[in-house]
Structure formats: C-alpha cells, structure tokens
Amino acid sequence: MPCTHLFDELPTDMIYYEIFPYLDYNSRVTANLLLPLKDRLRTPLRKNSSLEFSMRFAASIMTSLIRKQSRTKNNIARNRLSLKIWRTMPLFPELIQHNSRFRAVVSEKAIEFMDPGLEDMQRITPYTRKTLRALCEGFLLSLETSYPFLYEVNILGNPLDNWTAVTN
C-alpha cells in the first residue's frame, strides 16, 4: 500500500506526544485531519458553550452601548444611542431568553420609557420620544410572544477570564 503522507509511517503515540505539543492550534487541527479517522483526537464541547459564548458576546455589545450612552453629554448623540440600544436589543434573543435578571431589568426600563410623564423625556425630542415608545412597545410584545424565558444560563464572571468551550 503506497504512503500518502508522512503520518502514515509514524506511530500514533509519537505524533500525539512528540509532535502535537509543538504545533499551534491551526497546525494541530490540520495534523489531526491527516490522521486516520479512528486515530483522531476529539475534544467535545461543553453543554451550552455556544450559548454561553453568544450571551457573552451580546452582553459585551450591550454593555458597550449602555456605557457609551451614559457618558455622552450631547443630547442628540444620547438620543441616537438610546434608540440604537433598543434597536440592538432584539438582535440578541439568547440574552433575553436565558438571563432572568437582564430580562427583568430590560422589561422595567421599557415600561419606564413608555411613560409619557417621565422626567428624562423632557430632554428628548418628540421624534425620539415617539420612536422610543414604539420600540419599547414592540420589544415588550416580542418578550411575550417571540422570546419566552427558557432556562437560566449563568455567564457571570470576568469576560477576560479563561473561559473555554471545551471540556477538561
């Protein structure tokens, strides 16, 4: 039987213990693909790891927008960021469906922004007030119809910690 590549001639143990530790991630993946199917190393993902990742991603985007909006002194820019926050929120249903605390806070804020007698509403232009009210109403309706709470997924911790999707 002709040799198709070098890995066919090396013992599997030598490949795993002598070669793999010196390869970077992409090279390890490529080398693993060169091995016969029965000899490939498999690293299973943790349950909900892709959901946790998407929730961390969504939380970082929403946190960035909220911090930017709270630091902005210009009323026009602040109004635009407020609208952007409420337009961005439905793009991340996993954050709303799997984090009860975030869901409760966002619901309270949506109800608060729909109140026409709110003190902060006096600084907002009529267009922004009307649009914000419509966005919040649509968001609350979608919470009840499209994005029911499913189950809690904990994403607490420092976003810079050593989070990993694979099992140890």
Evaluate the stretch 67-76: report whether one residue or more is touching a residue at least 24 places away in the same chain (Cβ under 8 Å), surrounded by fewer than 17 Cβ atoms within 10 Å (Cβ to Cβ), closer than 30 Å to D13 by Cβ and not β-branched (V, I, T). no
If you check K47 against the conditions, is it part of a loop (DSSP other than H, G, I, E, B), within 22 Å of Y147 (Cα to Cα) and at pLDDT below 85? yes
F113 being of a type in the set (F, W, Y), under 18 Å from C136 (Cβ atoms) and at pLDDT below 85: yes
When you scan the stretch 66-86, do you find a residue that is farther than 30 Å from P126 by Cα and at pLDDT 80 or above, even just one? no
Do we find a residue being among the β-branched types (V, I, T), surrounded by fewer than 16 Cβ atoms within 10 Å (Cβ to Cβ) and not assigned by TED's automatic domain parsing to the domain that holds K109 anywhere in the stretch 25-41? yes
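Kindly establish whether L23 is among the aliphatic types (A, V, I, L, M) and without any contact (Cβ under 8 Å) to a residue 24 or more places away in the chain. If you could, list the steps in order and put the result at the bottom.
Details: among the aliphatic types (A, V, I, L, M): yes; without any contact (Cβ under 8 Å) to a residue 24 or more places away in the chain: yes.
For L23, the condition - among the aliphatic types (A, V, I, L, M) and without any contact (Cβ under 8 Å) to a residue 24 or more places away in the chain - is met.
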So, R133, is that one in a helix (DSSP H, G or I), without any contact (Cβ under 8 Å) to a residue 40 or more places away in the chain, buried (at least 16 other Cβ atoms within 10 Å of the Cβ) and outside the structural domain of D13 (by TED's automatic domain parsing) or not? yes
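The values are calculated or read from the model by the stated rules, or taken from the named source; none is laboratory data. Because the structure is a prediction, the values reported are computed rather than measured. Please note: Cβ atoms are built from the backbone with ideal geometry, for glycine as well, and neighbour counts cover all protein chains shown.
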